[in-house]
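Taking it in order: structure first as structure tokens, then the write-up.
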Amino acid sequence: MKHVSIIGMGALGIMYGAFIKEHSPDTQLDFVMDKDRAQKYKDTTFTVNDKEVKFNIVAAEDAVPCDLLVIAVKYTGLESCLDVMKNCIGPQTIVMSVLNGISSEEIITARYPDVKIIYTVAQEMDAMKFGNSLRYTKFGRLYIGARYEQQKPYVQAVDKWFSSIEMPFVNEPQIMYRMWSKFMLNVGINQCCAVFGQPYGVVLSSGNEANIALYAAFREVVAVAHAEGIELGEAEINHYVDILRTLDPKGTPSMGQDRINKRPSEVDMFAGAVIALGKKHGITVPTNEFLFNRMKEIEKEYI
């Protein structure tokens with residue numbers, strides 16, 4: 001991968017950008033964004049765990065096709081990202097989305113049906129970004145995989161490059177199972193940390209309202225996943241809770257950070273998706289309905 005472009009300067013975009021810049025210095029690395037953002041960030045210095053780093057900023061109209069395009073925007077920014085990414089895509093470009101949820105790959109391929117996309121899950125990190133400062137105690141891993149046979153060569157190409165730069169990753173043969181597992185995790189922990197305004201440690205403490213909602217939200221995802229042909233259960237819930245317990249108990253995930261920064265959240269992608277799937281399959285999801293409605297109330301208070 002001689003040329004990598006990233007769209008999105010949130011926690012994951014900066015974290016992976018800093019890693020690539022350090023571990024693959026010969027790779028041309030660009031952050032691509034609309035013209036106004038490019039002007040804003042062109043001279044910005046970021047700090048990653050207190051280490052200063054600067055990136056090459058490129059306006060969308062000046063972008064050129066790259067070898068690997070990493071989509072690292074929030075779900076709320078995905079629609080505008082579809083316009084920004086246009087000039088980044090060429091015949092050889094592989095696209096990977098590190099967005100949460102289970103729908104970004106379909107949204108991207110609906111706009112660009114011929115794109116060489118691979119399915120990706122970003123997991124096990126505790127990165128938090130406030131302003132231009134990013135901190136994390138766990139870098140986590142990227143899980144990459146092919147949902148369809150024709151995607152396997154693209155996965156192998158990324159596998160080879162990731163291995164060469166020592167990127168923490170897993171080539172996941174059951175990528176849809178992994179995506180749904182991460183979706184379950186986010187529906188629970190992301191939303192409960194945000195709605196109840198509490199860090200990981202409190203939400204994971206037994207018996208409080210946030211903890212009760214956490215497990216209820218998990219189990220509603222399990223129910224709709226079964227209806228969609230994905231086998232999730234208590235084993236997956238316990239596994240992901242064990243992962244959460246390794247994170248900084250004072251930290252908070254992306255939706256918690258959104259609430260602190262008074263930004264629109266990804267509640268539509270989480271509870272909104274669960275509610276829609278519940279209606280599709282005739283499954284009641286009261287906890288996700290509560291989380292959805294309460295988060296919308298919180299967002300109205302930002303104004």
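The values are calculated or read from the model by the stated rules, or taken from the named source; none is laboratory data. Quick caveat, the model's predicted, so the values are computed rather than measured. Note that each Cβ is placed from the backbone with ideal geometry, even for glycine, and that neighbours are counted across all protein chains shown. Each accessible area value is taken on the protein alone, full model and side chains, heavy atoms only, with ligands, DNA and RNA left out. Shrake-Rupley method; radii C 1.70, N 1.55, O 1.52, S 1.80 Å.
Taking the solvent-accessible surface of protein heavy atoms with a 1.4 Å probe, what is the per residue accessible area of the stretch 56-166 in Å²?
Details: 4840 Å² over 111 residues.
Value for the stretch 56-166: 44 Å² per residue.
Summarising the label geometry, the points placed 7 Å from Cα in the beta-carbon direction at LYS2 and GLU301 lie 5.4 nm from one another.
Of all the Cα-Cα pairs you can form in the stretch 13-94, what percent are over 16 Å apart? Value for the stretch 13-94 (Cα pairs over 16 Å): 54 percent. Applying 1/(1 + (r/R0)^6) with r as the Cβ-Cβ distance of ARG147 and LYS262 and R0 = 25 angstrom yields a FRET efficiency of 0.10. Only helices enter the 222 nm calculation for the chain: every DSSP H run of n ≥ 4 contributes -39,500 (n - 2.57), and dividing by all residues gives -14000 deg cm²/dmol, rounded to 500. Cβ-Cβ distance of LYS160 and ASP34, R₀ of 45 Å, FRET efficiency by 1/(1 + (r/R0)^6): the value works out to about 0.90. So what is the relative contact order of the chain, in percent, for Cα pairs below 8 Å that sit 6 or more residues apart? That works out to 14 percent. Calculate log10 I(q)/I(0) of the chain for q = 0.08 Å⁻¹, where I(q) comes from the Debye formula with a single equal point scatterer on each Cα and nothing for solvent. Log10 of I(q)/I(0), two decimals: -0.34. Among ILE283, ILE165, the order of accessible area from largest down is ILE283, ILE165, computed with a 1.4 Å probe on protein heavy atoms.
DSSP H helices in the chain with Cα extent of 24 Å or more along the helix axis and mean Kyte-Doolittle hydropathy at least 0.0?
On the way: long enough: 175-196 (31 Å, 0.77); 209-227 (28 Å, 0.88).
The qualifying helices are 175-196, 209-227.
Computed extension gain for GLU234 through ASN56, at 0.36 nm per residue and net of the alpha carbon distance, reaches 59.6 nm.
What's the ranking of 113-121, 214-222, 202-210 by average number of surrounding C-beta atoms within 10 Å, highest first?
Ranked by mean Cβ neighbours within 10 Å, highest first: 214-222, 113-121, 202-210.
Between HIS226 and PHE290, what's the calculated FRET efficiency when r is the beta-carbon distance and R0 is 22 Å? Round to 0.05. So, using R0 = 22 Å, E works out to roughly 0.55.
When each of the peptides 52-58, 15-21 is scored by the mean number of other C-beta atoms lying within 10 Å of its residues, the order from highest to lowest reads 15-21, 52-58.
Using only the heavy atoms of the protein chains and a 1.4 Å probe, how would PHE292, PHE183 rank by accessible area, largest first?
Working: PHE292 45, PHE183 0 Å².
Descending order: PHE292, PHE183.
Against the criterion of solvent-accessible heavy-atom surface with a 1.4 angstrom probe, HIS226, HIS3 sort, most first, into HIS226, HIS3.
By average Cβ neighbour count within 10 Å, what is the ranking of 84-90, 192-198 from highest down? Don't skip to the answer; put the middle values down first.
On the way: 84-90: 19.0, 192-198: 23.1.
Ranked from most to least packed, the peptides come out as 192-198, 84-90.
Hey, quick one: spin label on LYS138, modelled 7 Å out along Cα-Cβ, who in the stretch 229-245 has an amide N within reach, i.e. under 14 Å? Correct set: 238-245.
Given a 1.4 Å probe and every protein chain left where it sits, what share in percent of the accessible area of the chain is carbon and sulfur? Roughly 50 percent, rounded to a whole number. Heavy-atom accessible area for ARG178, with the other protein chains in place and a 1.4 Å probe, reaches approximately 40 Å². Extending 7 Å from Cα along the Cβ direction at GLN92 and again at GLN174 yields two label points whose distance is 3.6 nm.
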